[in-house]
Amino acid sequence: MFFDLNIQGSGLENNIKMARQASSYGWDHINFSYNQNDFKQALTLKDELHENLDDIIDFDFTLEIESKNINEIRKTANNFRSRASCISVVGGDLKVNRAVVENSKIDVLSRPYLNRYDAGLNHVLSKEAVNNNVAIELCFKDLLKTYLAPRAKVISNFRDIYALHAKFNFPLILSSRAESVFDIKTPQDFVSVFSQTGLAHEDIEKSFKTAFDILRFNEDRDKMILKGVRRVDDEA
Amino acid sequence: MRLKVLPPTLRKNSRYLTVDIKITSPISKDDLVTIIWDACIRFKGECETSNFYLWVMKFYDLEKTDDYYHYKAIVRCQRGFVEEVRSSLALVNRHEGRKISMTVVGLSGTIKSSQKYI
């Protein structure tokens, strides 16, 4: 099963084009991501998208919070928790990275290395990510849109994150962050690129499973009373 | 005088990749050859690319949509280096200022069987 939790959502027509392209290349599920300002508007497209894409591909919406204010991130996550199948926060700022991996209401820390000279993660943040079940997201687009020295630096940051992942085993997800049909590749190409940068095939497979697990976990999140305790409806 | 053809045991084994190409302006087969070689040399370097045994076998001009020109091609590479070639092609983003996207949609051992992906 090939899951992509971060395809940049835009208008209805572009979303349909990208979804059709992703389906024809073999993706099973995609999430259109919108930032906190556009998310409510995006939810109104859901019915029309279902009409057009029902037999083609599974889709859902990701809330992508982009802010450097930790309180704003916390409030936005709490506000949209019940409406978004996945909440991710764009990283890069050390305070934001730290606050996100400590918040179990957030699913994904996206691109902790963004605009940095290092990976943006260390052993302390890695342990927090494991404890709070926050996934770290690496984006294919960061490799695609850079070249020469910047691309080498992105690959170097990826490798640092792979090393921490191998030691601490925090959830890792891979996504395309595609903006148009030009950025969508076949899942096999996607796997090849990450395997060439040094990620093991088992870890890549596990990353798709992690994406699936995030969506499944969030379906039942409102029934969670405590971590590990869930209200069930069936009377057995 | 031409060289005598190598016996099968001494020949390199090939794999044929069916490549899906989208670009915002028209290209020829020669342009594609340049794009593929540049992509491989840029991502994997000169020394590694020398193992790839690259050759564009066939080039198909399929359609023109509102957003892009759509082509497909069958590209030969050496067995054992498929992942390297795939990743290099997937990372092509621009060619002479034009947006381009390349992705491998099929992998076969013969040209004939790779044509089913066209």
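Being out of contact with any helix residue (DSSP H, G or I) (no Cβ under 7 Å at 6 or more places or on another chain), surrounded by 14 or more Cβ atoms within 10 Å (Cβ to Cβ), among the polar types (S, T, N, Q) and closer than 29 Å to A:SER24 by Cβ narrows it down to one residue among A:THR210, A:THR197, A:THR146, A:THR186; which is it? Spell out how you get there, then give the answer.
Values: A:THR197 fails: out of contact with any helix residue (DSSP H, G or I) (no Cβ under 7 Å at 6 or more places or on another chain); A:THR146 fails: out of contact with any helix residue (DSSP H, G or I) (no Cβ under 7 Å at 6 or more places or on another chain); A:THR186 fails: out of contact with any helix residue (DSSP H, G or I) (no Cβ under 7 Å at 6 or more places or on another chain).
Just a single option satisfies the conditions, and that option is A:THR210.
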The correct count of residues that are β-branched (Val, Ile, Thr), away from chain B (no Cβ under 14 Å) and in contact (Cβ under 8 Å) with a residue 40 or more places away in the chain in region A:180-231 is 2
Only one of (1) over 16 Å from A:ASP183 (Cα atoms); (2) within 11 Å of chain A (Cβ to nearest Cβ); (3) at pLDDT 95 or above does not apply to B:THR65, and that is (3)
Mind listing just one residue for me: the one in region B:1-33 that is free of Cβ contacts under 8 Å to residues at least 24 places away in the same chain and in a helix (DSSP H, G or I) and, of those, farthest from B:THR110 (Cα to Cα)? B:ASP30
So for region A:150-163 (the condition being more than 11 Å from chain B (Cβ to nearest Cβ) and more than 27 Å from B:SER101 (Cβ to Cβ)), does at least one residue qualify? yes
Would you confirm, using the coordinates I've provided, whether B:VAL92 is in a helix (DSSP H, G or I) and under 18 Å from A:LEU148 (Cα atoms)? no
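Do any strands (runs of 3 or more DSSP E) entirely within region A:106-182 hold 3 or more residues that are within 26 Å of A:SER85 (Cβ to Cβ), touching a Phe, Trp or Tyr at 6+ places or on another chain (Cβ under 7 Å) and at pLDDT below 95, and if so, which? Spell out how you get there, then give the answer.
Working: elements: A:108-110, A:135-139, A:172-175.
Once the strands (runs of 3 or more DSSP E) in region A:106-182 are filtered for at least 3 residues that are within 26 Å of A:SER85 (Cβ to Cβ), touching a Phe, Trp or Tyr at 6+ places or on another chain (Cβ under 7 Å) and at pLDDT below 95, nothing remains.
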Tell me, yes or no, whether region A:137-148 has at least one residue that is over 17 Å from the mean Cα position of the chain (by Cα), within 13 Å of another protein chain (Cβ to nearest Cβ) and of a type in the set (Phe, Trp, Tyr). yes
Quick check on my filter: what residues within region A:89-138 are free of Cβ contacts under 8 Å to residues at least 24 places away in the same chain and in contact with a Leu (Cβ under 6 Å, 6 or more places away or on another chain)? none
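Tell me which residues, restricted to region B:56-109, are small (Gly, Ala, Ser), surrounded by fewer than 19 Cβ atoms within 10 Å (Cβ to Cβ) and under 23 Å from A:THR197 (Cα atoms).
Residue satisfying the conditions is B:GLY80 alone.
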Residue list for region A:32-54, restricted to those being surrounded by fewer than 13 Cβ atoms within 10 Å (Cβ to Cβ) and over 21 Å from the mean Cα position of the chain (by Cα): A:THR44, A:ASP47, A:GLU48, A:HIS50, A:GLU51, A:ASP54
Scan region B:75-84 residue by residue and report those that are more than 9 Å from chain A (Cβ to nearest Cβ) and out of contact with any Gly (no Cβ under 9 Å at 6 or more places or on another chain). B:VAL75, B:ARG76, B:CYS77, B:GLN78, B:GLY80, B:PHE81
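Taking A:ARG177, is it within 14 Å of chain B (Cβ to nearest Cβ) and farther than 22 Å from A:HIS29 by Cβ?
Numbers: within 14 Å of chain B (Cβ to nearest Cβ): yes; farther than 22 Å from A:HIS29 by Cβ: no.
No; evaluated as a whole, the condition is false for this residue.
Just to check your reading of the model, which residue among B:VAL105, B:VAL56 is hydrophobic (A, V, I, L, M, F, W, C), within 9 Å of chain A (Cβ to nearest Cβ) and not in a helix (DSSP H, G or I)?
Numbers: B:VAL56 fails: within 9 Å of chain A (Cβ to nearest Cβ).
Going through B:VAL105, B:VAL56 in turn, the sole match is B:VAL105.
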Taking region A:1-16 and keeping only residues that are out of contact with any Ser or Thr (no Cβ under 8 Å at 6 or more places or on another chain) and not aliphatic (A, V, I, L, M), one is left with A:PHE2, A:PHE3, A:SER10, A:GLY11, A:GLU13, A:ASN15
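Take the residues in region B:35-55 that are of a type in the set (Ser, Thr, Tyr) and in contact (Cβ under 8 Å) with a residue 12 or more places away in the chain; name whichever of them is surrounded by the fewest Cβ atoms within 10 Å (Cβ to Cβ). I'd like the intermediate steps shown before the answer.
Step one: of region B:35-55, the residues of a type in the set (Ser, Thr, Tyr) are B:49-50, B:53.
Narrowing the set further to residues that are in contact (Cβ under 8 Å) with a residue 12 or more places away in the chain leaves B:49, B:53.
Working: B:THR49: 21, B:TYR53: 16.
Restricting to residues being of a type in the set (Ser, Thr, Tyr) and in contact (Cβ under 8 Å) with a residue 12 or more places away in the chain, the top hit is B:TYR53.
The values are calculated or read from the model by the stated rules, or taken from the named source; none is laboratory data. None of these values were measured; they are calculated from a predicted model. No Cβ is skipped: glycine too gets one built from the backbone with ideal geometry, and neighbour counts run over all protein chains shown.
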